[in-house]
Structures are given as C-alpha cells and as structure tokens.
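Notes to accompany the following structure.
Just so it is clear, none of the values below were taken in a lab; they were calculated from the coordinates. These figures come from a predicted structure and were not determined experimentally. Glycine also receives a Cβ, built like all others from the backbone with ideal geometry; neighbour counts cover every protein chain displayed.
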Amino acid sequence: MFTNNMGEIHRQGRIEVVCGSMFSGKTEELIRRMKRAKFAKQRVEIFKPAIDVRYSEADVVSHDRNVITSTPIDSSAQILLLASDIDVVGIDEAQFFDMGLVDVCNELANRGIRVIVAGLDMDFRGVPFGPMPALCAIADDVSKVHAICVKCGALAYVSHRLVQNDKRVLLGETAEYEPLCRDCYQKAIKEAEQQTATT
C-alpha cells in the first residue's frame with residue numbers, strides 16, 4: 001500500500017500460489033497467511049469449491065484440522081461478485097475450479113487485492129491439474145511445498161491414488177492417496193501395470 005501524488009491510498013495487488021502434492025501443507029499455509037492478514041486487521045474472504053465437503057461443508061480445514069471460515073462456491077465467477085471491499089482473497093483447492101479462475105485472479109490483483117491460491121499442481125497421474133499451471137505462470141510468487149514420500153522418506157512429487165478409479169476428481173484422504181517421490185511413484189505404476197496384466 002502506498003500514497004500516490006494525489007494523496008490517495010493505493011494497494012498493490014498480487015497473486016501468490018501455494019502448490020504441491022496432497023499432504024504437503026498447502027491448506028495449512030493458506031490458513032496461516034489468511035490468519036496473519038486478519039490479525040493485521042485486513043478484510044479477508046476465503047473461497048473453496050462447493051464440491052469439497054471432506055471435513056466441512058463451509059469451512060476450509062487442513063489435514064491437521066486447522067480451520068478458517070470460508071464461502072463455498074460453484075464457479076470462479078462468483079468470487080468477483082463476493083469479493084468487493086476485501087483486502088485479501090484466499091482460494092483453496094483451486095485445481096477443482098474452472099479455467100475462468102485465472103482471469104478472476106488477475107482481475108482481483110489488478111484491483112489492488114492480494115490473492116492467495118492453494119491447490120494441487122498435478123493430478124494422480126502426474127498431469128498438470130486444472131487452472132493451476134496457468135495460475136503459477138501469472139503469479140507474483142509461487143511456493144511449491146512438499147509432502148514426504150511414505151515409501152522412502154524423500155520429498156514427495158505426486159499424490160498416488162491407492163484405489164481403482166479413473167475419474168480425475170476423486171475426493172479422498174489417506175485411504176485413497178499417498179504422497180510418493182518420483183522414483184517410488186514410477187515403481188508403484190509399474191507394479192500396478194504388472195498386477196493388471198496378470199489378472
């Protein structure tokens with residue numbers, strides 16, 4: 001925030017993206033940044049996809065059960081309607097939103113709003129997920145956080161799906177997904193292919 005030549009207060013908007021695999025602390029980091037903004041008496045609003053009802057229908061909840069109140073929405077366009085008179089906008093599980101989210105985040109940042117986005121950068125196949133690659137490209141700051149590979153203890157690369165289901169969007173937790181490093185993920189894929197070939 002700065003004062004221009006006319007004496008008007010002007011906020012500098014920005015886009016911050018926190019991405020990584022499941023269990024890497026993305027939502028935890030989003031909540032931390034939003035709570036710091038609230039403590040600084042900034043006006044904050046956090047949005048999440050209405051389909052994400054794993055822990056709560058309304059709140060954003062991390063795997064560690066940290067909670068912040070949020071507004072569930074069905075499309076990214078709703079954010080522009082609901083984010084007037086806000087200093088900081090948080091968006092959780094951004095990979096589940098439509099591609100319009102990229103333009104929405106740009107519009108908010110251009111209005112002088114700080115936008116903090118958290119989401120999976122890749123799906124369970126290791127393919128870039130939804131609007132996340134484009135958001136990383138336009139962001140002022142990108143933080144890639146890492147879970148720990150449950151097989152070898154290295155930094156995790158991807159969320160490996162443990163259940164037989166080819167749907168791209170499958171909400172789940174530790175029963176459905178595990179974080180794996182690149183090497184352990186390749187081994188897991190080969191093992192799964194061998195099992196499929198023998199059945």
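Structure summary
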| read-out | value |
| --- | --- |
| Full-extension gain in nm, residue 163 to residue 175, via 0.36 nm per residue minus C-alpha separation | 3.5 nm |
| Within region 116-199: Cβ-based charge dipole about Cα centre, in debye rounded to nearest 20 (Lys, Arg +1; Asp, Glu -1) | 200 debye |
| Estimated FRET transfer efficiency (residue 39, residue 143; beta-carbon r; R0 25 Å; 0.05) | 0.80 |
| Amide H within-cut-off set for residue 70, under 5 Å, with H built and near neighbours excluded | 59, 60 |
| Antiparallel content of DSSP bridges confined to region 67-199, in %, to 5 | 60 percent |
| For residue 18, distant residues with modelled amide H under 5 Å away | 117, 118, 119, 143 |
